[in-house]
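Okay, handing you the structure first.
The values are calculated or read from the model by the stated rules, or taken from the named source; none is laboratory data. This is a predicted model, so every value here is computed, not measured. Positions of Cβ are backbone-derived with ideal geometry, glycine not excepted, and every protein chain shown enters the neighbour counts. For the accessible areas, the whole protein counts, side chains as well, though only heavy atoms, and no ligand, DNA or RNA atoms are used. Shrake-Rupley method; radii C 1.70, N 1.55, O 1.52, S 1.80 Å.
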Amino acid sequence: MKGNRLKAYKIVITGPFNAGKTAFIHSISDITMVTTERRITDTGLTAGNKSETTVAMDYGQKRLGDAMLHLYGTPGQARFEFMWSILAKEMDAFVLLVDSTDRVSLMDAKQVMRQFRKQAKVPYVVAANKQDHRAAMPPAEIQRRLAVSKGVAVMPCVARDKKSVLQVLEHVRQLLV
């Protein structure tokens, strides 16, 4: 019986507003995702037709072999930044999700990355989301713009595609074993 035990890992999915964190968890979760999305009230935010944003967290689970990944999605807006340190407590790794089509948001992504690296010395991956768009920057350019060391993977991703998200999470899992 002991050999069949699942190893549980807390993985935080973070990144700037509109990077795709909710979609990332939604596309892969084995359970119905828990979300705290609310109607956007900040008129300064522009995200096309996006009408809701996460205000506390998203939560999902994904079993990969003998590992159970507990996925916690953070809010991306600076006004909900206080949730970042709460969600980062006891994390085993994090995924920094960035919008590959939004060069301006990379400055926010850099700030988020710094904050999470201060929280704990854990492995992390950068997932370059929206790689299915023509205007998407290649992962190598994102790596350069974020000044991410060569030892940190910057992986192409499409958050609404389960197979793409699975590749990112499999890489994170490999960092943990």
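What percentage of the solvent-accessible surface of the chain, computed with a 1.4 Å probe over protein heavy atoms, is contributed by carbon and sulfur atoms? Intermediate results must be reported in sequence, preceding the final value.
Numbers: 4710 of 9430 Å².
Roughly 50 percent of what the probe reaches on the chain is carbon or sulfur.
Sticking with this one: So what's the net charge close to ASP132: Lys and Arg +1, Asp and Glu -1, counting the other residues with Cβ under 14 Å from its Cβ? Don't skip to the answer; put the middle values down first.
Working: positive: LYS130, ARG134, ARG160, LYS162, LYS163; negative: ASP99, ASP161.
Local net charge: +3.
So if I take the centroid of the Cα atoms in the range 142-170 and the same for the range 7-35, what is the distance between those two points in Å?
14 Å
Follow-up question, since we're still on this one. Apply the membrane-span-like helix rule to the chain: whole DSSP H runs, Cα extent along the own long axis of at least 30 Å, mean Kyte-Doolittle hydropathy at least 1.6. List the helices found.
On the way: long enough: none.
Helices passing the filter in the chain: none found.
With a 10 Å cut-off between alpha carbons and a GNM built on the chain, which of ARG63, ARG134, ARG144 moves the most?
Its mean-square fluctuation being the largest, the pick is ARG134.
Keeping all protein chains in place, calculate the accessible area per residue for the chain (probe 1.4 angstrom), answer in Å².
Details: 9430 Å² over 177 residues.
Using a 1.4 Å probe on heavy atoms only, each residue of the chain averages 53 Å².
Right, here's the next one. Between HIS171 and GLN115, what is the label-point separation in nm under the 7 Å Cα-to-beta-carbon projection?
Result: 2.3 nm between the two label points.
Could you compute the FRET efficiency for ILE31 and ARG160, with r as their C-beta to C-beta distance and R0 at 22 Å, rounded to 0.05? Walk me through the numbers before you get to the answer.
Details: r = 18 Å, r/R0 = 0.82.
Computed FRET efficiency for ILE31 and ARG160 comes out at 0.75.
Sticking with this structure for a sec: Taking LYS118 as the anchor, which lysines have their alpha carbon closer than 20 Å to its alpha carbon, excluding any fewer than eight residues away along the same chain?
Those lysines meeting the cut-off are LYS10, LYS89, LYS110, LYS150.
Amide H of MET155 versus every other amide H placed in the peptide plane: which residues, excluding those fewer than 5 positions away on the same chain, fall under 5 Å?
VAL126, ALA127, ALA128
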